[in-house]
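These notes are about the structure you will find just below.
The values are calculated or read from the model by the stated rules, or taken from the named source; none is laboratory data. All values derive from a computational prediction rather than experimental measurement. Cβ coordinates were reconstructed from backbone atoms using ideal geometry, including for glycine residues, and neighbour counts include every protein chain displayed.
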Amino acid sequence: MVDIDGVISLFVSAGQMPFTAREDGTFQRIDGIPHFLSLGAAQHLLGLAGHFELVWASGWEEKADEYLPALLGLPAGLPWLHFERSPGRGHAHWKLPAIDAYAAGRALAWIDDAFNDACHEWAAARAAPTLLVQTAPERGLTATESDTLLAWARELSSSPA
């Protein structure tokens, strides 16, 4: 499961280098909203695609497939999740119901910048192997997180069934 904001679309503060001066990404307007898209994160996702079924788990929903393949050279046609827009305060995390339904009993790695306690409790309670990979929203998906994911995938593939 791949989030976008804080994973691929980085958060840049006013004190950081302006979007247009950075060499590690591309400044784009998507539906009129400015985004700084990380080229490094895109390259890491391409490397992970051979080991994982990539699924967009972002509020971008279908917009991910509409924009990101052309802008970042990512595979087109990746599945994306639809989320309830008003899950209510009583729900643990607004993405959990959709992610849980899509993953069912399969192993799952989830890359996001906004996990809360409920996400960690959910992951620990799943019967299937589950890995939550936290990104820093100003850096997104880096080699550190990518290496963690690849090591986990190798560990799963070498485990006896």
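Answer with yes or no whether F36 is closer than 25 Å to T148 by Cα, in contact (Cβ under 8 Å) with a residue 24 or more places away in the chain and of a type in the set (F, W, Y). I'd like the intermediate steps shown before the answer.
Details: closer than 25 Å to T148 by Cα: yes; in contact (Cβ under 8 Å) with a residue 24 or more places away in the chain: yes; of a type in the set (F, W, Y): yes.
For F36, the condition - closer than 25 Å to T148 by Cα, in contact (Cβ under 8 Å) with a residue 24 or more places away in the chain and of a type in the set (F, W, Y) - is met.
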**Asked** In the range 44-60, what residues are under 12 Å from the mean Cα position of the chain (by Cα) and either in a helix (DSSP H, G or I) or of a type in the set (V, I, T) (or both)?
**Response** H44, L45, L48, V55
**Request:** Take the residues in the range 105-156 that are more than 22 Å from W60 (Cα to Cα) and assigned to a loop (DSSP other than H, G, I, E, B), then tell me which one is modelled with the lowest pLDDT.
**Result:** G105
**Prompt:** Is at least one residue of the range 76-96 more than 17 Å from the chain's Cα centre (by Cα) and hydrophobic (A, V, I, L, M, F, W, C)?
**Reply:** yes
**Message:** Return the residues of the range 21-55 that are within 17 Å of D65 (Cβ to Cβ) and among the small types (G, A, S); say none if nothing qualifies.
**Reply:** A41, A42, A49
**Request:** Filter the range 123-149 for residues that are within 15 Å of the chain's Cα centre (by Cα), within 15 Å of W110 (Cα to Cα) and hydrophobic (A, V, I, L, M, F, W, C) and give the result.
**Result:** L131, L132, V133, A136, L141, L149
**Request:** Identify the single condition in (1) part of a loop (DSSP other than H, G, I, E, B); (2) without any contact (Cβ under 8 Å) to a residue 12 or more places away in the chain; (3) among the aliphatic types (A, V, I, L, M) that A101 does not satisfy, given that it satisfies every other one.
**Result:** (1)
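Would you confirm, using the coordinates I've provided, whether T135 is farther than 26 Å from R29 by Cα, of a type in the set (S, T, Y) and surrounded by 13 or more Cβ atoms within 10 Å (Cβ to Cβ)? Quick ask: steps written out before the conclusion?
Working: farther than 26 Å from R29 by Cα: no; of a type in the set (S, T, Y): yes; surrounded by 13 or more Cβ atoms within 10 Å (Cβ to Cβ): yes.
For T135, the condition - farther than 26 Å from R29 by Cα, of a type in the set (S, T, Y) and surrounded by 13 or more Cβ atoms within 10 Å (Cβ to Cβ) - is not met.
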